[in-house]
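A short write-up of the structure that comes next.
The values are calculated or read from the model by the stated rules, or taken from the named source; none is laboratory data. Computed from a prediction, not measured in an experiment: that's the story for all the values here. Reconstructed Cβ throughout: ideal geometry from the backbone, glycine too, with neighbour counts over all protein chains shown. What goes into the accessible areas is simple: the full protein's heavy atoms, side chains included, and nothing from ligands, DNA or RNA. Shrake-Rupley method; radii C 1.70, N 1.55, O 1.52, S 1.80 Å.
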Amino acid sequence: MFSVIIYELKHFNHNESGNLCHQNLVPQLRLTLRGEINPITLFFHWFDHFLRVADGVGGWRDYGVDPSQFSGTLMRTCERLVKEGRFVPSNPIGILTTSYCELLQNKVPLLGSSTACIVVLDRTSHRLHTANLGDSGFLVVRGGEVVHRSDEQQHYFNTPFQLSIAPPEAEGVVLSDSPDAADSTSFDVQLGDIILTATDGLFDNMPDYMILQELKKLKNSNYESIQQTARSIAEQAHELAYDPNYMSPFAQFACDNGLNVRGGKPDDITVLLSIVAEYTD
């Protein structure tokens with residue numbers, strides 16, 4: 001059976017911008033960052049590994065709502081369902097749907113919006129099952145090349161698909177997508193495949209070729225090597241996010257949409273790095 005060895009690194013941007021209404025807002029490009037580094041807590045079913053990232057929409061701060069509460073609760077609910085065995089490995093959209101419905105049914109509504117990316121490795125069939133809603137995502141790298149990647153989902157520039165819970169007076173104004181809108185894929189993986197899951201704070205600041213250059217430095221699958229590589233990727237993305245002269249993927253996307261933007265995009269950066277390895281008890 002296959003398993004995954006995982007390390008997660010997070011940089012949190014305290015005041016990141018985000019869109020939650022039907023408006024095309026240009027994000028601020030000078031923001032304050034606070035950092036935190038934690039090893040991931042891994043939740044798994046007997047035959048499966050479960051990886052996840054979510055990114056709360058920062059625009060809720062304008063309404064006095066902490067955007068991390070919605071995304072964090074959504075992912076903790078997913079984790080609980082997996083620990084309890086209440087999921088089908090080949091249907092990660094089902095995990096996301098059940099978790100979202102639980103939030104909707106809370107007596108006290110938890111307001112907010114979030115993107116989400118879920119990756120489940122079935123260790124017996126050696127297949128990866130994914131669900132991605134919005135602009136977080138994943139890469140699968142084999143032999144130094146990207147062999148699979150998620151598709152970014154945007155309503156329009158800088159406005160990703162998102163799960164939302166809005167107050168009654170804002171319903172119909174706040175963007176809210178169904179979990180069923182998530183892009184779902186399934187494919188085989190091989191020993192040694194690298195699975196990188198991250199929020200848009202990485203992909204908006206580092207193109208694939210830069211990520212691949214960093215992954216080439218990963219010499220083995222021990223925890224220390226994975227940790228060092230994940231740290232290097234996140235820190236380089238953070239540095240580029242504050243370079244005003246750098247033509248980042250986000251700036252290029254902005255230019256493609258008729259906006260004169262240059263520089264990186266300060267934002268939350270979460271990098272979850274995993275390697276497919278032989279399973280051992």
- In segment 59-88, which residues are open to solvent by 80 Å² or more (accessible area, probe 1.4 Å), more than 17 Å from Ala116 (Cα to Cα) and assigned to a helix (DSSP H, G or I)? Asp62, Tyr63, Lys83
- Tell me, please, whether a residue that is on the phi > 0 side of the Ramachandran plot, without any contact (Cβ under 8 Å) to a residue 12 or more places away in the chain and open to solvent by 30 Å² or more (accessible area, probe 1.4 Å) can be found in segment 227-234. no
- Matching strands (runs of 3 or more DSSP E) fully within segment 155-213 where at least 1 residues are crowded, with 22+ Cβ neighbours inside 10 Å: 163-165, 194-198
- Query: Of (1) under 21 Å from Gly201 (Cβ atoms); (2) open to solvent by less than 20 Å² (accessible area, probe 1.4 Å); (3) β-branched (Val, Ile, Thr), Val120 satisfies all except one. Which?
  - Reply: (1)
- For Asp267, the lone unmet condition from (1) at pLDDT below 95; (2) within 23 Å of Arg123 (Cβ to Cβ) is (2)
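Condition check ((1) modelled with pLDDT under 55; (2) in contact with a strand residue (DSSP E or B) (Cβ under 8 Å, 6 or more places away or on another chain)) across all residues:
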{"site": "Leu42", "(1), (2)": "yes, yes"}
{"site": "Gly59", "(1), (2)": "no, yes"}
{"site": "Val65", "(1), (2)": "no, yes"}
{"site": "Phe87", "(1), (2)": "no, yes"}
{"site": "Cys101", "(1), (2)": "no, no"}
- Query: Which number in (1) over 16 Å from the mean Cα position of the chain (by Cα); (2) assigned to a strand (DSSP E or B) marks the one condition that Asn245 misses?
  - Reply: (2)
- Message: Within segment 248-264, take every residue that is outside any helix (DSSP H, G or I) and either polar (S, T, N, Q) or open to solvent by 10 Å² or more (accessible area, probe 1.4 Å) (or both) and give me the one that is nearest to Arg231 (Cα to Cα).
- Response: Ser248
